[in-house]
Amino acid sequence: MPEAELAWRFSRSSGPGGQGVNTTDSRVELSFDLLATGALPQPLKARALERLGSRLVDGVITIAASEHRSQLRNREAAMVRLARLLDEAIAPPPKKRRATKPSKGAVERRLTAKKHRADLKRLRRSDGL
């Protein structure tokens with residue numbers, strides 16, 4: 001994805017960092033306008049918009065990263081997360097499962113085993129019938 005289409009915002013992060021956590025803007029928000037991007041062909045864009053519909057706000061997807069203490073590492077984490085999310089969204093749908101049915105021999109073996117098991121349990125009962 002083109003660097004020009006990414007919008008970055010930085011803010012103070014909660015969590016580890018000691019005294020520096022109050023002064024450094026290490027939290028990263030990465031925004032990508034999926035609706036307006038020219039980086040994806042139309043069919044892939046439509047598939048991504050459909051699959052990510054619940055995460056989009058006006059066609060823009062936003063990723064926040066604040067797990068690391070440095071802004072650089074949070075930027076890298078946000079980029080990786082966005083790339084993974086887009087890869088999953090534009091992936092082709094899985095192949096349809098072809099319906100199959102068990103073979104006659106498999107059905108016969110299953111019924112024979114059931115009958116055998118039922119006979120064993122019937123013989124264990126006190127009346128034996």
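The values are calculated or read from the model by the stated rules, or taken from the named source; none is laboratory data. Since the structure is predicted, the reported quantities are computational estimates derived from the model, not experimental observations. As a convention, Cβ positions derive from the backbone with ideal geometry for all residues, glycine included, and neighbour counts pool all protein chains shown. Only protein heavy atoms, including side chains, enter the accessible area calculation; ligands, DNA and RNA are left aside. Shrake-Rupley method; radii C 1.70, N 1.55, O 1.52, S 1.80 Å.
Among residues of the range 101-116 that are charged (D, E, K, R), none has a Cβ under 7 angstrom from a residue that is not in a helix (DSSP H, G or I) at a sequence gap of 6+ or on a separate chain.
Looking across the range 1-33, just one residue is surrounded by 15 or more Cβ atoms within 10 Å (Cβ to Cβ), polar (S, T, N, Q) and either closer than 17 Å to residue 55 by Cβ or at pLDDT 85 or above (or both), and that is 31.
Within the range 34-47, the residues that satisfy the criterion of being of a type outside the set (A, V, I, L, M) and open to solvent by 60 Å² or more (accessible area, probe 1.4 Å) are 38, 41, 42, 43, 47. Only one entry in 117, 69, 122 is open to solvent by 100 Å² or more (accessible area, probe 1.4 Å), over 30 Å from residue 13 (Cα atoms) and of a type outside the set (Gly, Ala, Ser), namely 117.
Just to be sure, is residue 98 under 26 Å from the mean Cα position of the chain (by Cα) and closer than 26 Å to residue 12 by Cβ? No: the conditions fail for residue 98.
To keep it simple, each residue is scored yes or no on (1) assigned to a strand (DSSP E or B); (2) touching a strand residue (DSSP E or B) at 6+ places or on another chain (Cβ under 7 Å).
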| position | (1), (2) |
| --- | --- |
| 25 | no, yes |
| 28 | yes, yes |
| 31 | yes, yes |
| 50 | no, no |
| 62 | yes, yes |
| 80 | no, no |
| 84 | no, no |
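Pick from the range 64-87 the residues that are within 14 Å of the chain's Cα centre (by Cα) and touching a residue at least 12 places away in the same chain (Cβ under 8 Å): which of them is nearest to residue 31 (Cα to Cα)? Only one residue fits best here, namely 82. Among the residues of the range 89-103, is there at least one that is open to solvent by less than 90 Å² (accessible area, probe 1.4 Å), on the phi > 0 side of the Ramachandran plot and not hydrophobic (A, V, I, L, M, F, W, C)? Checked against the condition, which is being open to solvent by less than 90 Å² (accessible area, probe 1.4 Å), on the phi > 0 side of the Ramachandran plot and not hydrophobic (A, V, I, L, M, F, W, C), the range 89-103 yields no hits at all.
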